[in-house]
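Colleague: Okay, handing you the structure first.
The values are calculated or read from the model by the stated rules, or taken from the named source; none is laboratory data. What you are looking at is a predicted structure, and each value in this text was computed from that prediction instead of being measured. Using ideal geometry, Cβ is built from the backbone for each residue, glycine included, and neighbour counts are taken over all protein chains shown.
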Amino acid sequence: MKRIGRLHILILGMCILFNVCEEKEIEEKLPKDIPKIILEKLCLTETKSGKKLWTLNAERAGVYDEIIRVDEVIIRFYDEDEAEFSVLHAPRGELNTKTHNILVEDSVTVFTDDSTKLYTESLFWLNDSAKILTDAYVKIIKGDGTVIEGRGLRTDPHLSRIEIIGDARGASPIELPDIRK
C-alpha cells in the first residue's frame, strides 16, 4: 500500500512538473509585446471644461498598460469655438493614457487653416502645455511662400509661434521696399 501511495505521489509530481514546463514553454514562445485589446477605427476626443481640444482618429490601435499604439493617425486641433484649425497626419504613433501626450512618427505632416505646412519624421505633443516638440529635421512652408528648415522645433498647434531649436535656414519671398523712395 505504501508503494502504491509513493508511486501516485511520484506520478502526480511528474505531471505537475511537465505542466509547469509546458506553460513556461508556451509563455516563452508568445511574443512579449502583445496588446491587451486591439481596436479598429479608434476615435478619441480630448476636452477641457466640456470644449473639444483635439481628436485622434486611427485605423488600428493596440492597447497596452499605459500606452495605446495607433496606425494611420489623424489628429485634429480645435480652437476655443471648437473650429478645426490644424490637422496632423502620421503612419503611426503612441498615446500615453495617463498624460495624454502623443508621439507620432514616419513622414509626419501638419496642415493649418492658414495654409502652413510642416514636414518631419517625428513629433511629440505635450498635452499639458499644448506644445509640439521634435528634435528631428523639420521643413515648414508658410502660405506666403516662406520656407523654414532646421533641426528641432517647439511650436503651438497653430504653427504661429515657431522656434527652431538647432541650426535653421530659410527663404522668404518678401521684398523689402527701397528706403530711398
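Colleague: Just the residues that are assigned to a strand (DSSP E or B) and either at positive phi or β-branched (V, I, T) (or both), please, taken from region 59-83.
Modeller: Taking region 59-83 first, the residues assigned to a strand (DSSP E or B) are 59-63, 67-78.
Answer for region 59-83, where residues must be assigned to a strand (DSSP E or B) and either at positive phi or β-branched (V, I, T) (or both): V63, I67, I68, V70, E72, V73, I74, I75.
Colleague: Only one of (1) within 20 Å of G170 (Cβ to Cβ); (2) touching a Gly at 6+ places or on another chain (Cβ under 9 Å); (3) in a strand (DSSP E or B); (4) acidic (D, E) fails for D114. Which number is that?
Modeller: Going through (1) within 20 Å of G170 (Cβ to Cβ); (2) touching a Gly at 6+ places or on another chain (Cβ under 9 Å); (3) in a strand (DSSP E or B); (4) acidic (D, E) one by one, D114 breaks only (3).
Colleague: Now a separate question. Please enumerate the residues belonging to region 122-157 that are assigned to a strand (DSSP E or B), touching an Asp or Glu at 6+ places or on another chain (Cβ under 6 Å) and farther than 27 Å from T97 by Cα. Spell out the reasoning first.
Modeller: Residues of region 122-157 that are assigned to a strand (DSSP E or B), as a first pass: 122-126, 131-141, 147-155.
Next cut, touching an Asp or Glu at 6+ places or on another chain (Cβ under 6 Å) only: 122, 136, 139, 150-152, 154.
The answer is K139, G150, R151.
Residue-by-condition table, conditions (1) in the same structural domain as T55 (by TED's automatic domain parsing); (2) more than 22 Å from V73 (Cβ to Cβ); (3) loosely packed, with under 13 Cβ neighbours inside 10 Å:
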| position | (1), (2), (3) |
| --- | --- |
| L123 | yes, no, no |
| S129 | yes, no, yes |
| D156 | yes, no, no |
| R161 | yes, yes, yes |
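Colleague: Tell me yes or no: at least one residue of region 137-158 is touching a Lys or Arg at 6+ places or on another chain (Cβ under 8 Å), closer than 28 Å to V63 by Cβ and of a type outside the set (A, V, I, L, M).
Modeller: no
Colleague: Sticking with this structure for a sec: In contact (Cβ under 8 Å) with a residue 40 or more places away in the chain and not basic (K, R): which single residue out of V110, V70 fits that description?
Modeller: Working: V70 fails: in contact (Cβ under 8 Å) with a residue 40 or more places away in the chain.
Matching residue, one of V110, V70: V110.
Colleague: Can you find even one residue in region 138-159 that is at positive phi and aliphatic (A, V, I, L, M)?
Modeller: Looking through region 138-159, at least one residue is at positive phi and aliphatic (A, V, I, L, M).
Colleague: In region 95-108, is there at least one residue being within 25 Å of E163 (Cα to Cα) and of a type in the set (D, E, K, R)?
Modeller: yes
Colleague: Given the structure, is S107 closer than 22 Å to N57 by Cβ, surrounded by 16 or more Cβ atoms within 10 Å (Cβ to Cβ) and in the same structural domain as I74 (by TED's automatic domain parsing)?
Modeller: Numbers: closer than 22 Å to N57 by Cβ: yes; surrounded by 16 or more Cβ atoms within 10 Å (Cβ to Cβ): no; in the same structural domain as I74 (by TED's automatic domain parsing): yes.
Answer is no for this residue.
Colleague: Going by what's in this entry, would T55 be described as under 24 Å from S129 (Cβ atoms) and modelled with pLDDT under 95?
Modeller: Spelling it out, it is not the case that T55 is under 24 Å from S129 (Cβ atoms) and modelled with pLDDT under 95.
Colleague: Just to be sure, is A130 within 16 Å of L56 (Cβ to Cβ) and either touching a Lys or Arg at 6+ places or on another chain (Cβ under 9 Å) or among the small types (G, A, S) (or both)? Give the steps one after another, and end with the answer.
Modeller: Working: within 16 Å of L56 (Cβ to Cβ): yes; either touching a Lys or Arg at 6+ places or on another chain (Cβ under 9 Å) or among the small types (G, A, S) (or both): yes.
So A130 fits the description; yes.
Colleague: Is it true that A83 is under 22 Å from the mean Cα position of the chain (by Cα), under 22 Å from N127 (Cβ atoms) and either assigned by TED's automatic domain parsing to the domain that holds T109 or modelled with pLDDT under 95 (or both)? Steps first, answer last, please.
Modeller: Values: under 22 Å from the mean Cα position of the chain (by Cα): no; under 22 Å from N127 (Cβ atoms): yes; either assigned by TED's automatic domain parsing to the domain that holds T109 or modelled with pLDDT under 95 (or both): yes.
So A83 does not fit the description; no.
Colleague: Identify, by number, the condition in (1) in contact with a strand residue (DSSP E or B) (Cβ under 6 Å, 6 or more places away or on another chain); (2) loosely packed, with under 15 Cβ neighbours inside 10 Å that I179 doesn't meet.
Modeller: I179 satisfies every listed condition except (1).
Colleague: May I ask you to list the residues in region 100-119 that are within 19 Å of P35 (Cα to Cα) and β-branched (V, I, T)?
Modeller: Matches in region 100-119: I102, V104.
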